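Asker: Supplied in structure tokens, the structure appears directly below.
The values are calculated or read from the model by the stated rules, or taken from the named source; none is laboratory data. Quick caveat, the model's predicted, so the values are computed rather than measured. Don't worry about glycine lacking a Cβ; one is built from the backbone with ideal geometry, like all the others, and counts go over all protein chains shown. For the accessible areas, the whole protein counts, side chains as well, though only heavy atoms, and no ligand, DNA or RNA atoms are used. Shrake-Rupley method; radii C 1.70, N 1.55, O 1.52, S 1.80 Å.
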Amino acid sequence: MDASLYAARRRRNTVAMAASFIATGIGLAWLALILGVLVWNGLSGLSLAVFTEMTPPPGSDGGLLNAIVGSLIMTVLAIVIGAPIGMLAGTYMAEYGRHDKLTSVVRFINDILLSAPSIVVGLFIYEVMVRPMGNFSGIAGAAALAVIVIPVVVRTTEDMLLLVPDTLREAAASIGLPRSRMITRIAYRAALSGIVTGVLLAVARISGETAPLLFTSLNNQFFSTDLNAPMASLPTVIFQFALSPYEDWQRLAWTGALIITFSVLALSILARTLAATRKTS
Amino acid sequence: MSAQDAADRARALGKLRLGDVVFRSVTRIAAIMVLALLGGVIVALVIGAMPALQAFGFSFLTTQSWNPVTEQFGALAPIYGTLVTSLIAMVIAVPFGLLIALFLTELCPKWLRRPIGVAVELLAGIPSIIYGIWGLFVLAPFLQVHVQPALISAFGSVPVLSSLFAGPPYGIGVLTAGLILAIMVLPFITSISRDVFEAVPPVLKEAAYGLGCSTWEVMRHVVLPYTRVGVIGGVMLGLGRALGETMAVTFVIGNAHRITASLLAPGTTISASIANEFTEAIGEVYTASLIALGLILFVITLIVLAAARYMLLRIERRIG
């Protein structure tokens, strides 16, 4: 037995384990630091005015109302456009074409779209919508966000439908239910909470997206619900205000960042609890 | 059964059959739309980039000049910036991610595993603009005052490193952007590595422990070789994110179209150039050049992501 070799192995193990502890500590500290700074800077500017007043010109008081409303409108529209397409595509992959060549190709491409750079999506919508229409518009922003929603929903819908036991499908078929009824009445119901989770995750994903909105919906200093005109959104306002030299604008940017982060965190926690109740029931 | 009943029955069946065919085609069209989306993005970008590609041809990729006044555009500086910031991010995030995954799978007490796992995933869900604003107001000033002067004086007399850490400490710059990217991709790398580590059959690990291996040796000689393909896939997925990340970088890179050896100098990336300049771009060639940049970015990330997915598929097949 070589004692020095043994000691060296022990030492190496201790060093590696310590490094792993420290790495985890640093990672968690970083999360705490980001959230801490965000809450500290964001809360100081948080007041009722943020939700009731428009974005101000530099040097005066104001809120983020038009940006919040714009974000809500575009998010809802994006989900309304994107989620059905994603659900239908996911349905084909899980129910009709489970062993198709098409399904495996779509799955591969979809996984790539899932992490494709969002700024490219902005350029795409600029080319196909903004340029032909001749102006930046809220509907173009919603379309850009919808492009990001689709892959998220496709992925979760397929995964959740595949979790539905085949015995349920066979039971439905045995009583003579046509396939489309079996899918809409049985499979969708069994996978409902999972599909809703997917949609929630998609909302969380797009509510912080900035890059695809920069040159589709642009920004708007005023309150506007006109889908054919430029529309303000929280992320673009944060971008503009944070990079400005004015202190009150920067404070509003922090407050906006706090609002976005907590909506996103709340959405993902909600999605997670939904997914968890599914497993236990 | 009367003739009337039979006719009703046939009509009802026909309706159901029609409904079936329609539903099936609608879902199929939706699936094909996903493919069309990718094709559409590529076609739209190629058409949009055409004026620039015609004007500069292949030299677009190899020219550094970026001059809106004379309308001379080249993509070399943004491509260089994109690659360097992503490289810095990977050099930092990969070891950290693997060590955290090791902690989560081997060392962490059971009750702590879920909270830390959730925290890592929440970190992955924070929008990138938050990292950007944090980088601009917190990280950059900190680096400028405390870290960069120390780097400059520490490496000032070392031959190669002195050019890497040259120039005044701006705070913002290539190094800061790389650091922010590292923090952003860390959760992705961690959660994928953890998932593939957990998929290692316990028998393999137990056999190694039974031979008297230390935890580190099990990790190094059993878990890592077994999951190599999956880990590389996860790393490349993180790389794909880092390459295309826009907002976090745009805040802290400084947007300067030049290539300098110094990591402390301001630079630019493909996505940051587009985000900063697109709405202000006047003239067809300027806009087209920015779209051409987007096309290059899309092609690079497509290749990286496709390779990543292919590797992850391979390990899924082996484990599943």
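Asker: Tell me which residues come under 5 Å, amide H to amide H, from A:Thr55 once H is placed; ignore anything under 5 positions away on its chain.
Answerer: The list, which skips near neighbours in sequence, is A:Gly63, A:Leu65, A:Asn66, A:Ala67.
Asker: Under the classification rounded if a/c is under 1.5, otherwise prolate if a/b is larger than b/c and oblate if not, where does the protein assembly as shown fall, given a ≥ b ≥ c as square roots of the Cα gyration tensor eigenvalues?
Answerer: oblate
Asker: How much FRET efficiency would the formula 1/(1 + (r/R0)^6) give for B:Arg318 and B:Gln72, where r is the Cβ-Cβ distance and R0 is 60 Å, rounded to 0.05?
Answerer: 0.70
Asker: At a threshold of 8 angstrom on Cα-Cα distance, excluding pairs fewer than six apart, so keeping six or more, what relative contact order does segment A:1-139 reach in percent?
Answerer: So the answer I get is 11 percent.
Asker: Can you tell me the relative contact order of chain B? Whole percent, Cα pairs under 8 Å, sequence separation 6 or more.
Answerer: Relative contact order of chain B: 27 percent.
Asker: Compute the accessible area per residue over segment B:239-319, keeping the other protein chains in place, probe 1.4 Å, unit Å².
Answerer: It amounts to 33 Å² per residue over segment B:239-319.
Asker: Only helical DSSP H runs with n ≥ 4 go in: add -39500 (n - 2.57) per run for chain B, normalise by residue count and round the 222 nm mean residue ellipticity to 500 deg cm²/dmol.
Answerer: So the helix-based figure for chain B works out to -24000 deg cm²/dmol.
Asker: Note the full-extension length gain between A:Thr277 and A:Leu46 as 0.36 nm times their separation in residues minus their Cα-Cα distance, in nm to one decimal.
Answerer: 79.8 nm
Asker: Given the DSSP H assignment, sum -39500 (n - 2.57) over each helix run of at least 4 residues in chain A and divide by its residue total; what's the result at 222 nm in deg cm²/dmol, nearest 500?
Answerer: Value at 222 nm, helices only, nearest 500: -23000 deg cm²/dmol.
Asker: A further question follows. With just the Cα atoms defining each centre, how far is segment A:229-281 from segment B:241-317? Give it in Å.
Answerer: 24
Asker: Tell me which chymotrypsin sites (Phe, Trp or Tyr not before Pro) from segment A:68-173 have a DSSP coil assignment and no more than 11 other beta carbons within 10 Å of their own.
Answerer: none
Asker: In whole Hz, what ³J(HN,Hα) sequence does segment A:240-246 give by Karplus (6.51, -1.76, 1.60; θ = phi - 60°), x for Gly and Pro?
Answerer: Result, rounded to whole Hz: 5, 6, 5, 7, 7, x, 8.
Asker: Sticking with this structure for a sec: Based on Cβ point charges of +1 for Lys and Arg and -1 for Asp and Glu, what charge dipole magnitude is obtained for segment A:165-281 about its Cα centre, in debye rounded to the nearest 20?
Answerer: Magnitude of the dipole: close to 780 debye.
Asker: Could I ask something else about it? From other protein chains only, count the Cβ atoms within 10 Å of every residue's Cβ in B:92-99, then give the mean.
Answerer: 3
Asker: I'd like the interface area for chains A and B: accessible area of each alone minus the complex, both sides summed, 1.4 Å probe, protein heavy atoms only. What is it in Å² to the nearest 100?
Answerer: 7100
Asker: Between B:Arg258 and residues 5 or more places away or on another chain, which pairs have amide H atoms under 5 Å apart, with H built 1.01 Å from N, and which residues are they?
Answerer: When sequence neighbours closer than 5 places are left aside, the close amide H contacts are B:Thr268.
Asker: Now, a different point. Strictly greater than 27 Å: what percent of every Cα pair in chain A meets that?
Answerer: 54
Asker: Then there's this: For chain A, what relative contact order do you get, as a whole percent, if you take Cα pairs closer than 8 Å and at least 6 residues apart?
Answerer: 26
Asker: Under 5 Å between amide hydrogens, which residues at least 5 positions from B:Gln72 or on another chain qualify, with H placed 1.01 Å from N in the peptide plane?
Answerer: Amide H neighbours of B:Gln72: B:Asn67.
Asker: Can I ask one more? Spelling out what I want: for every residue of segment B:289-306, take phi, set θ = phi - 60°, compute 6.51 cos²θ - 1.76 cosθ + 1.60 (Karplus), and round to whole Hz; glycine and proline get x.
Answerer: 5, 5, 5, 4, 4, x, 4, 4, 4, 4, 5, 4, 5, 4, 4, 5, 5, 4
Asker: Another question about this same structure. Starting at the first residue of segment A:35-46, write each ³J(HN,Hα) from the Karplus equation 6.51 cos²θ - 1.76 cosθ + 1.60 with θ = phi - 60°, in whole Hz, x for Gly and Pro.
Answerer: My calculation for segment A:35-46 gives 5, x, 4, 4, 5, 4, 6, x, 5, 4, x, 7 Hz in order.
Asker: Kindly state, to the nearest 0.05, the FRET efficiency for B:Ala166 paired with B:Leu107, given R0 = 45 Å and r defined as their beta-carbon distance.
Answerer: Step by step, r from the Cβ atoms, then E = 0.65.
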